Amino acid sequence: MGAKWINIFENRRMRTGAACVAFALILYCAATSLIFSSETETKEQSQTALATFVGPGNPDLPAPAGAPLSSSAQSADAPPQAASASFSPAAQDEATQAVALPPVASAAGQEKGEVLPHKDRAGALPFSSSAAHFNLLKMGREGSTLLVIGGIQGDEPGGFSAAALLASAYRIRKGRVWVVPDLNFPSILQRHRGIFGDMNRKFASLDASDPEYDIISRIKGILLDEEVDLILNLHDGSGFYRPTWEDKLRNPKRWGQALIIDQEEMTRPPFLLEKTAGRVETEVNRALMDPGHRYHINNTLTAQGNEEMAKTLSWFAVRNGKPAFGIEASKEFGTEYRSYYHLRVIEAFMDFLGIEFERGFPLDPKGVLGALNSNILLSAFNDRVILHLDDVRPQLWRVPFRKNDPCPAIRGSKPLLALVQDKQGWRVAYGNHTLTRINPEFFDFDESLHKIDLILDGQAHSVRPGEIVQVREAFRVNVPEGFRVNAIGAQKEVNGSEAGVLLKRKDFMPRFSVDRNASIYRVEVYKGKAFAGMLLVRFGPSPVLRERPLTADQGPESDLGF
Ligand SMILES: [Zn+2]
């Protein structure tokens, strides 16, 4: 660890507001804490976190159990089957400002184009991430409070993906759920257990010079918050924990498929850790995908001289009077299976605490995969640039970036999204994955354009830069005097601009699309040489879900567990 690291993290500790942290050859950038800069503000985020909740009847709903995922065989020229409004507006609950479930997509969209209603940015793209601040999302109202922590180790995607889904695709109807989906985000982005060492060994004592000192201090404060009733720390562990030796993969030294407790019970306050874990174990073992996936309870007897476990988050909580459990899914599974099991466990604990919820996807591995991989939006530069990342091409060319802005602020429809600069350039990271690589083109930005007028299938609309519009047949973009339009991949310029020109799908060259299915295109507006903003136009149905299983691509996963 060179001095550079230390300096950077000292800067961070000074709360300079720096949103970017350079480490080694990697420059990690994320939003300038637009929404997530403090815990008081997280209350608001929490209420907007469900804006991307996919409601029943929405054609963008992940495939229900047993149903095939959208076919990738859909031809680029297939007629649109449904003009869906997956980016549904945050319907306001008058009393509380809470986000209600979004309305079902209107049938009208099938007949003509429409602006996909995600205009309310605070509602639709609620998540921002930062290396310096993990997110705390607070959902629900009075009642018992469950705190769920994901990502304490960066190479355990089952846990942090489950936490991210809990934060983005659940609605809490009764009780409260607090979620930290990205406790160790810099390590998540590198798929590393812990770039500054194992974060789950820093809870007994920690030198103030440790680069993660502030993170540990903040999470300790949250763990001990008087509102918090019960804590789950989500992990992916190797093999299958079994109380007795069965074979190399199934034995007491393995961690997977286990509920970890430090001792049988707590006395102050009185709480039966083992009995509670047993109740959850029974419930989860009713929903196994295979009998071999059975959960067991692993009591680490931490107080009886277990020095390793004495350094962990859960022991810190328990010895300070907070019931806490380590939850392990097996690293033998793909991410969607791990997250499936984590969510089963979380839901069983919610039942135990009397927390009532709704979930925006079917709870099975396929439903989990669909929920993680659909409706992924990222906006940058104050929404002047928007990217739709479902089924995105592996490389996007000439994406406008602002000159002299080494750390673009971003917001996303999901937790765990970031723009990362590395040796090869820029990539869009989503947890342990790279969704696409970006080849930027740098411009001065003109911020004076606040609306773009559109004729969409014959109807007039006025939208802000950064919107996504659904087109059935044709559209026309009108911009004020002095601005010009460049529809990327179309060649219908009149005097160097496509403003006012009627554009159809056939006018676009498929290789210029954002998605691999050649249905989403960029329409960019410029003023002179300055970039002024963009829209995405989408022809046809929403992008197909990626059918390939989630596999990470940022280096090896450790074979460790808790
Ligand atoms: Zn772990």
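The values are calculated or read from the model by the stated rules, or taken from the named source; none is laboratory data. What you are looking at is a predicted structure, and each value in this text was computed from that prediction instead of being measured. Note that each Cβ is placed from the backbone with ideal geometry, even for glycine, and that neighbours are counted across all protein chains shown.
A518 versus (1) in contact (Cβ under 8 Å) with a residue 40 or more places away in the chain; (2) closer than 25 Å to L435 by Cα; (3) surrounded by fewer than 21 Cβ atoms within 10 Å (Cβ to Cβ): which is the lone unmet condition?
(3)
Name the single residue, out of those in segment 361-405 being among the basic types (K, R) and over 28 Å from P157 (Cα atoms), that is farthest from the chain's Cα centre (by Cα).
K403
Among the numbered conditions (1) away from the ligand (no atom under 15 Å from the Cβ); (2) part of a helix (DSSP H, G or I), tell me where E358 comes up short.
Failed condition: (2).
For segment 168-188, give me each residue that is more than 13 Å from the ligand (Cβ to nearest atom), under 11 Å from P415 (Cβ atoms) and modelled with pLDDT of 95 or more.
V179, V180, P181, D182, F185, listed by residue number.
Does segment 279-288 include one or more residues that are in contact (Cβ under 8 Å) with a residue 24 or more places away in the chain and under 23 Å from K202 (Cβ atoms)?
no
Evaluate segment 332-345: report whether one residue or more is within 16 Å of the ligand (Cβ to nearest atom), part of a helix (DSSP H, G or I), among the β-branched types (V, I, T) and under 14 Å from N233 (Cα atoms).
Looking for residues that are within 16 Å of the ligand (Cβ to nearest atom), part of a helix (DSSP H, G or I), among the β-branched types (V, I, T) and under 14 Å from N233 (Cα atoms), one finds at least one in segment 332-345, hence yes.
With the checklist (1) crowded, with 24+ Cβ neighbours inside 10 Å; (2) in a strand (DSSP E or B); (3) touching an Asp or Glu at 6+ places or on another chain (Cβ under 9 Å) in hand, flag the one item L369 doesn't pass.
(2)
Considering every residue within segment 228-240, establish whether at least one is hydroxyl-bearing (S, T, Y), crowded, with 19+ Cβ neighbours inside 10 Å and closer than 21 Å to A310 by Cα.
Taking every residue of segment 228-240 in turn, at least one turns out to be hydroxyl-bearing (S, T, Y), crowded, with 19+ Cβ neighbours inside 10 Å and closer than 21 Å to A310 by Cα.
Can you tell me which condition L301 does not meet? The list is (1) away from the ligand (no atom under 15 Å from the Cβ); (2) within 18 Å of I149 (Cβ to Cβ), and all the others hold.
Failing condition for L301: (2).
What helices (runs of 4 or more DSSP H), lying completely within segment 118-226, carry at least 3 residues that are of a type in the set (D, E, K, R) and farther than 18 Å from Y341 by Cα?
Per the criteria, 213-223.
Read through the list (1) over 30 Å from K366 (Cβ atoms); (2) among the polar types (S, T, N, Q); (3) at pLDDT below 95, then give the number of the only condition that S497 fails.
The failed condition is (3).
Could you say which residue among I468, I488 is under 20 Å from M509 (Cα atoms) and out of contact with any Leu (no Cβ under 9 Å at 6 or more places or on another chain)?
Matching residue, one of I468, I488: I488.
Mind counting the residues in segment 227-266 that are in a strand (DSSP E or B) and basic (K, R)?
1
For segment 404-454: of the residues being crowded, with 16+ Cβ neighbours inside 10 Å and free of Cβ contacts under 8 Å to residues at least 40 places away in the same chain, which is nearest to P394 (Cα to Cα)?
The qualifying residue nearest to P394 (Cα to Cα) is R427.
Would you check which residues across segment 217-239 are closer than 26 Å to T335 by Cα and either in contact with a His (Cβ under 8 Å, 6 or more places away or on another chain) or without any contact (Cβ under 8 Å) to a residue 40 or more places away in the chain (or both) and list them?
Hit for segment 217-239 is L234, nothing else.
Give me the residue from segment 194-241 that is among the charged types (D, E, K, R) and closer than 17 Å to I327 by Cβ and, out of that set, nearest to the ligand (Cβ to nearest atom).
Checked segment 194-241; the qualifying residue nearest to the ligand (Cβ to nearest atom) is D236.
Scan (1) surrounded by fewer than 24 Cβ atoms within 10 Å (Cβ to Cβ); (2) in contact (Cβ under 8 Å) with a residue 40 or more places away in the chain; (3) hydrophobic (A, V, I, L, M, F, W, C) for the single condition A208 breaks and write down its number.
(2)
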